[in-house]
Amino acid sequence: MLETALKIFSIVLQVLGLLAAAVGLSNTFKDASGQGDRFFSRVMAVELGVVRQLVSGAKRLSRRLFGRPRPRVITGHIGTALEVSLVATAQGTVQFGPLPDPAQEPDAFKTAVEDRLNRAFKLAQDVQHELKQEATARQQQDQEITKDLQARLSTLDEEAKRKTVRGLHEQVLGLFCVAVGLAVQSFLDLAY
């Protein structure tokens, strides 16, 4: 009676261990895979690939042994590479109005030239100031984006580690149950 109870106990432990390990593997796959990935489709794809290789090898071997002609396979690659790029520049000319004649009005000419130079200098200073402000704003935005990305990456990394550890805990628990069940069964085989 004790022997039967221990056998049932070991079988139950092994089954529970295998189930826990399967759940752990499934949870680890779900947590680590992309959305829409299926566990058995990936496993079966590998198995089907092995079966296809075995079948094609058996066909080749039978053709060699029985002397049948090999099938003719013609392969070809059709492809095109298309790259389109567009580089455009826009140019414009900003001009001041006509200058007074320097021979007839030298003071007016001098005043107009100084005025234009002052306006050009002021425009250049304004552009430099705006460029500095824009560069500062971009640096601040880049720093904010970098901080945000680092925070997101660390959060995703911690979440992935947590999920993977959860699945590994389930797997270890399952393998422990299987090991205890096998130990009990081995003890029974040796004792009785």
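The values are calculated or read from the model by the stated rules, or taken from the named source; none is laboratory data. Here the structure is a predicted model, which is why all the values come from computation and not from measurement. Cβ placement follows ideal geometry from the backbone for every residue including glycine, while neighbour counts extend to all protein chains displayed.
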Looking across region 14-67 at residues that are modelled with pLDDT of 75 or more and aromatic (F, W, Y), the single one that is surrounded by the most Cβ atoms within 10 Å (Cβ to Cβ) is F29
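Here is a yes/no grid of residues against (1) assigned to a loop (DSSP other than H, G, I, E, B); (2) at pLDDT 90 or above; (3) acidic (D, E):
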position: G76; (1), (2), (3): yes, no, no
position: F96; (1), (2), (3): yes, no, no
position: A112; (1), (2), (3): no, no, no
position: Q125; (1), (2), (3): no, yes, no
position: E130; (1), (2), (3): no, yes, yes
position: Q140; (1), (2), (3): no, yes, no
position: Q143; (1), (2), (3): no, yes, no
position: D148; (1), (2), (3): no, yes, yes
Flagged pairs (Cβ under 8 angstrom, 6 or more apart or on separate chains; first in region 1-15, in contact (Cβ under 8 Å) with a residue 40 or more places away in the chain; second exposed (fewer than 12 other Cβ atoms within 10 Å of the Cβ)) are E3/Y192
Only unsatisfied item for H169, checking (1) without any contact (Cβ under 8 Å) to a residue 60 or more places away in the chain; (2) surrounded by 12 or more Cβ atoms within 10 Å (Cβ to Cβ); (3) under 23 Å from I11 (Cα atoms), is (1)
